[in-house]
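Asks: This is the structure I want to talk about, given as structure tokens.
The values are calculated or read from the model by the stated rules, or taken from the named source; none is laboratory data. All values derive from a computational prediction rather than experimental measurement. Counting neighbours? That spans all protein chains shown, and the Cβs are built from the backbone with ideal geometry, glycine included.
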Amino acid sequence: MKKRPIAYVSRSTLHVLLIVLAIVWILPTVGLLITSFRPPEVVGDTGWWTVLVHPFNFTQYTLENYRSVIFEGGMGRAFLNSLFITVPATLLPILLAGLAAYSFAWMRFRGRNMLFMMVVGLMVIPLQMTFIPILSIFAKLRVAGTFPAIWLAHAGYGMPLMVYLLHGFIAGLPRDIFDSAAIDGASSITTFFRIVVPLSVPAIASVAIFQFLWVWNDLLVALIYLGGSPNVGPVTLRVANLVGSRGQDWEVLTAAAFVSMALPLVVFFSLQRYFVRGILAGSVKG
Amino acid sequence: MPTRRWVPWAYAGPALLLLAFFLVYPAIDTIRLSFLDRGGDVFVGLENYAYVFTNSTMLTAFRNNALWVGVFTLFTVSFGLLFAVLLDRVRYERIIKSIVFIPMAISMVGAGTIWKFVYAYRPASASQIGLLNAIIVGLGGEPVGWLIERPWVNNFCLIIVGIWMWTGFCMVVLSAAYKNIPRQLLEAARIDGATEWQAFWRVIFPLLRPTVAVVTTTMIVFVLKIFDIVYVMTNGNFSTEVLANRMYKEQFSFSNYGLASAIAVVLLILIIPMMIVNIRRFRRQEAMR
């Protein structure tokens, strides 16, 4: 089929539009990346784009910012803290939300729909609203500033969205599977771990990405429940403190910001394909 | 499925306990606190609420929240839709999708640093290190204090950061729904002589409407609670205050728990209608199952 000239023009417009938008979207991040490799004395004098005049003149780049952030800024400790906060705070709520979503989707009990809607409805509560009451209980129990306290807090806060998304997926599994499992005499817990979990991997993966990104990037909840101590503080807290204490040392901030982004980007790119499929098959039935 | 009566509760129980402790109880306690004085000892009636609706900073915060809800929601959802529909037609879809989604993987603190290099302001005599001002000066203009120029320029600049971060979310969800639409429908419309524009509005959009509704309400619920962008970039100075940031300040800078709680309750009341819309939609979906 011969292409009409008008189709050809609109096709080119489409490409131009998309590429321009993509450049606009990525430009701020590129600026930060380049700045993080520039020596401190020039960062405040000239814009990051000036390196592009001679992009292959490697004398204008340095690894010094990364060295000082990673080895002097207490970032190593903060990175470990972040991992130690994020992994349990992702796995624990997924398990609990999965169990709850399974019971809401496939068990009959009084008040089931009402209860489920209330759980989803809790999404409206602003996090900031919960800090004072919870903190006063945590203080009485002497658990403020400990890791289990923040694991449970993130689990509670993430629960409404997780139950909602997982329910959408688990409720959509074919009924026959559950009937035949029951005929074979499988208990409900066997059904959950042998059938529901393996079949829900895409949904679980996408929910896991959301929760992981949320917890890893969280500053507020960590600030409230862990306090400002560097012993337990995550990367975001470390970077925020750098912004406060060395607000003028932009080159250090840029390197710190990239260190904090590294792991989330790896997680995102490696689980990306599940992510799109998981949402597709889940709550959204377009 | 014949299950004993306690079994469902054993499954849902742990999740419900966490929710009761971390969300339900604090919500109830906050409502109680909102009628008490700053230390939470003396009953003051509606005094905190009167302050919320009359204080000039609070009124600025209300205006800015309204601005966020309108502008942020409009642009995240329409850009998300634009990307979802247009990217389906090109071969480099995955690359651009990743680029648009990257900001979602970046912490607010990181994003704040990124955007400082876009909005940085230097006097006209110095060389500009912020991208926007460099472009303006390069074109012969005067540098602009993007985050200081109140009230429209700086608020829009903050909202742009939000749009940059959250369009990726809208795009991913809308794109998933778009790919679920049978291709034949679009082909049929084209064969019948519909232009792309007509095909989109008469065929595609009606089918996407439920998903657009989900994404829109989610964005509104999210943006009403907007906090971190403002906190990191201006901390509400220069007339950029929003409700959640004000609440945080009253709580942790001024230790005025009564007032902070009243702001929280007002925020909650503003969000509830969106949630009712969501729940209605869910009921309809359940009925079809």
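Asks: For region B:256-289, which positions are facing chain A (nearest Cβ under 10 Å) and assigned to a loop (DSSP other than H, G, I, E, B)?
Replies: B:289
Asks: Here is a further query. Search region B:237-259 for residues being in contact (Cβ under 8 Å) with a residue 40 or more places away in the chain and under 27 Å from residue B:120 (Cα atoms), and hand back the single one that is surrounded by the fewest Cβ atoms within 10 Å (Cβ to Cβ).
Replies: B:238
Asks: Among A:127, A:95, which is in contact (Cβ under 8 Å) with a residue 40 or more places away in the chain, within 13 Å of chain B (Cβ to nearest Cβ), surrounded by 14 or more Cβ atoms within 10 Å (Cβ to Cβ) and within 29 Å of the chain's Cα centre (by Cα)?
Replies: Only one candidate qualifies: A:127.
Asks: Quick check on region A:193-209. Is at least one of its residues out of contact with any helix residue (DSSP H, G or I) (no Cβ under 9 Å at 6 or more places or on another chain), more than 30 Å from residue A:126 (Cα to Cα) and modelled with pLDDT of 90 or more?
Replies: yes
Asks: Name the residues in region B:61-97 that are among the charged types (D, E, K, R) and farther than 25 Å from residue B:247 by Cβ, would you?
Replies: B:88, B:89, B:91, B:93, B:94, B:97, listed by residue number.
Asks: Tell me whether region A:13-20 contains one or more residues that are within 26 Å of residue B:165 (Cβ to Cβ), surrounded by fewer than 17 Cβ atoms within 10 Å (Cβ to Cβ), under 28 Å from the mean Cα position of the chain (by Cα) and within 14 Å of chain B (Cβ to nearest Cβ).
Replies: Yes, region A:13-20 has at least one match.
Asks: Would you say residue B:202 is more than 17 Å from residue B:96 (Cα to Cα) and in contact (Cβ under 8 Å) with a residue 12 or more places away in the chain?
Replies: Answer is yes for this residue.
Asks: Check residue A:175 against each of (1) within 9 Å of chain B (Cβ to nearest Cβ); (2) of a type outside the set (A, V, I, L, M, F, W, C); (3) over 27 Å from the mean Cα position of the chain (by Cα) and name the one condition it does not meet.
Replies: (1)
Asks: Continuing with the same structure: List every residue pair whose Cβ atoms sit under 6 Å apart, with the two residues 6 or more apart in sequence or on different chains, where the first one lies in region B:99-128 and is facing chain A (nearest Cβ under 7 Å) and in a loop (DSSP other than H, G, I, E, B) and the second, anywhere, is basic (Lys, Arg) and surrounded by fewer than 21 Cβ atoms within 10 Å (Cβ to Cβ).
Replies: Final answer for the pair search is B:128/B:122.
Asks: Using the structure shown, decide if residue A:117 is in a helix (DSSP H, G or I) and free of Cβ contacts under 8 Å to residues at least 24 places away in the same chain.
Replies: Criteria met by residue A:117.
Asks: Which of the following residues is more than 9 Å from chain A (Cβ to nearest Cβ) and within 26 Å of residue A:213 (Cβ to Cβ): B:146, B:166, B:152?
Replies: On inspection, the qualifying residue turns out to be B:166.
Let's see how each residue does on (1) closer than 30 Å to residue B:121 by Cα; (2) buried (at least 21 other Cβ atoms within 10 Å of the Cβ); (3) at pLDDT below 90:
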{"site": "B:155", "(1), (2), (3)": "yes, yes, no"}
{"site": "B:158", "(1), (2), (3)": "yes, yes, no"}
{"site": "B:166", "(1), (2), (3)": "yes, yes, no"}
{"site": "B:170", "(1), (2), (3)": "no, yes, no"}
{"site": "B:173", "(1), (2), (3)": "no, yes, yes"}
{"site": "B:180", "(1), (2), (3)": "no, no, yes"}
{"site": "B:186", "(1), (2), (3)": "no, no, yes"}
{"site": "B:193", "(1), (2), (3)": "no, no, yes"}
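Rundown of residues vs (1) modelled with pLDDT under 90; (2) over 30 Å from residue B:215 (Cβ atoms); (3) at the interface with chain B (Cβ under 10 Å from one of its Cβ atoms), yes/no style:
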| position | (1), (2), (3) |
| --- | --- |
| A:112 | yes, no, yes |
| A:122 | yes, no, yes |
| A:156 | no, no, yes |
| A:165 | yes, no, no |
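Asks: Out of the helices (runs of 4 or more DSSP H) lying entirely within region A:172-235, which hold 2 or more residues that are free of Cβ contacts under 8 Å to residues at least 24 places away in the same chain, crowded, with 19+ Cβ neighbours inside 10 Å and in contact with a Phe, Trp or Tyr (Cβ under 6 Å, 6 or more places away or on another chain)?
Replies: Result: empty, no element qualifies.
Asks: Which helices (runs of 4 or more DSSP H) sit wholly inside region B:1-93 and have at least 1 residues that are closer than 29 Å to residue A:97 by Cβ, free of Cβ contacts under 8 Å to residues at least 60 places away in the same chain and at the interface with chain A (Cβ under 8 Å from one of its Cβ atoms)?
Replies: In region B:1-93, the matching helices (runs of 4 or more DSSP H) lie at B:7-19, B:25-33.
Asks: To continue, here is another question. When you check residue B:159 against the structure, is it in contact (Cβ under 8 Å) with a residue 24 or more places away in the chain, part of a loop (DSSP other than H, G, I, E, B), more than 17 Å from residue B:208 (Cβ to Cβ) and β-branched (Val, Ile, Thr), yes or no?
Replies: So residue B:159 fails the test.
Asks: Looking only at region A:128-143, which residues are modelled with pLDDT of 85 or more and not charged (D, E, K, R)?
Replies: A:130, A:131, A:133, A:134, A:135, A:136, A:137, A:138, A:139, A:141, A:143
Asks: Additional query: Of these, B:117, B:156, which one is farther than 19 Å from residue B:72 by Cα and of a type in the set (Phe, Trp, Tyr)?
Replies: B:117
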